[in-house]
Amino acid sequence: MTTLADPPVTPPAHREPPVRRRGRKSRAGRTNHAGKLTYAILTVAVLVSAFPFYWTIVAASRSNADLAQVPPSLLPGPNLLRNFEAVLEEADIGKALLNSFIVSGSITVGTVLCCTLAGFAFAKLRFRGRGALLAITVGTMMIPPQLGVIPLFMLIAELQWVNQLQAVILPGLVSAFGVFFMRQYLVQSLPDELIEAARVDGASTARIFWSIVVPVARPGMSVLGLLTFMAAWNDFFWPIVALSSSEPTVQVALRQLGGGYVHDQSVIMAGTLLGTLPVLLVFGLLGRQIVGGIMQGAVKG
């Protein structure tokens, strides 16, 4: 009886030990810490960005004579409440804040809703002329808005809307930038398979929009809402044309401050501070969701 011989055993190949490279090496589950130079650059950037707001607080709490000193004081003074009282006396800032909230809130809600609807249509629906309509929409962004002021004013005069808030609200309910922004966001964030599955289940287009598109687009809608609110709140050119001092927004009311032969810069800064606080409040409410949406988009790949 013959037996099979065992196959020859080959010795394991000699492996060179891995060469360690100098430098930082990231590992899974390990947090990379920034260096001192990164912290120094970030600290300088934060200080430079925050200094204008800090100087607004300092100037609003000082007198006009204090601001004229060379060098001026960089510490807040005791006149903040007194300057706030002067703002309330010189301009109807309370009514202006209310009007600005109505105008900015209405424009923000309308822009976010309409632009999300249009962005969903351009991103996921198939219809004739979609590319041409999108090109025309984006092309309107290249037209200076000043060119449409006279025709727009003639239109609102014909409708008898001069010095009424709807004259400022309705022209800003839709923006070409918002449509393009939401279209790009939904193209990247909303998979076609999800819409096809909803179609198979019998969902209508309206049901798909409210139940699928809106939850997916919420981070993008928050970003667009913040940008729209800030733009509407800070808008001065069209409100000064369409409104008067009897129905002002904040930016229109601020031009009434510090009147006289010598402008009182401290009162103007106090009014500016009052007009800036609502924007900071909105950013504080939406900032976490915006950052969360950015991080969510960064994780997807």
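The values are calculated or read from the model by the stated rules, or taken from the named source; none is laboratory data. Computed from a predicted structure; not experimentally measured. Please note: Cβ atoms are built from the backbone with ideal geometry, for glycine as well, and neighbour counts cover all protein chains shown. Calculation scope for accessible area: heavy atoms of the full protein, side chains included, ligands and nucleic acids excluded. Shrake-Rupley method; radii C 1.70, N 1.55, O 1.52, S 1.80 Å.
A few notes on this one:
- Looking across segment 165-218 at every residue that is among the β-branched types (Val, Ile, Thr) and in contact with a Ser or Thr (Cβ under 6 Å, 6 or more places away or on another chain), the one that is nearest to Cys114 (Cα to Cα) is identified as Val179.
- Residue check, Gly225 within 23 Å of the chain's Cα centre (by Cα) and farther than 15 Å from Asn83 by Cβ: yes
- Test: residue in segment 47-55 that is touching a residue at least 60 places away in the same chain (Cβ under 8 Å) and loosely packed, with under 15 Cβ neighbours inside 10 Å: yes
- Residue count for segment 58-83 satisfying the condition of being among the β-branched types (Val, Ile, Thr) and touching a Pro at 6+ places or on another chain (Cβ under 6 Å): 1.
- Restricting attention to segment 57-106, the residues being within 13 Å of Ile268 (Cα to Cα) and of a type in the set (Ser, Thr, Tyr) number 2.
- Filter result for Val58 (β-branched (Val, Ile, Thr) and open to solvent by less than 50 Å² (accessible area, probe 1.4 Å)): yes
- In summary, Asn83 fulfils each of the numbered conditions (1) open to solvent by less than 20 Å² (accessible area, probe 1.4 Å); (2) at pLDDT 90 or above; (3) polar (S, T, N, Q) with the single exception of condition (2).
- Each residue in segment 37-46 was checked for being open to solvent by less than 90 Å² (accessible area, probe 1.4 Å) and of a type in the set (Ser, Thr, Tyr), and 2 of them qualify.
- Among helices (runs of 4 or more DSSP H) entirely within segment 113-226, having at least 2 residues that are within 30 Å of Thr249 (Cα to Cα) and open to solvent by less than 30 Å² (accessible area, probe 1.4 Å) singles out 149-158, 166-169, 176-189.
- Applying the set (1) at pLDDT 85 or above; (2) open to solvent by 40 Å² or more (accessible area, probe 1.4 Å) to Gly275 leaves exactly one unmet item: (2).
- Across segment 67-88, not a single residue is classified as among the acidic types (Asp, Glu) and touching a Leu at 6+ places or on another chain (Cβ under 7 Å).
- Sole residue being in a helix (DSSP H, G or I), touching a helix residue (DSSP H, G or I) at 6+ places or on another chain (Cβ under 9 Å), open to solvent by less than 30 Å² (accessible area, probe 1.4 Å) and aromatic (Phe, Trp, Tyr), chosen from Phe229, Phe283: Phe229
- Considering segment 232-272, the residues that are under 14 Å from Phe84 (Cβ atoms) and part of a loop (DSSP other than H, G, I, E, B) include one that is most open to solvent (accessible area, probe 1.4 Å), namely Asp264.
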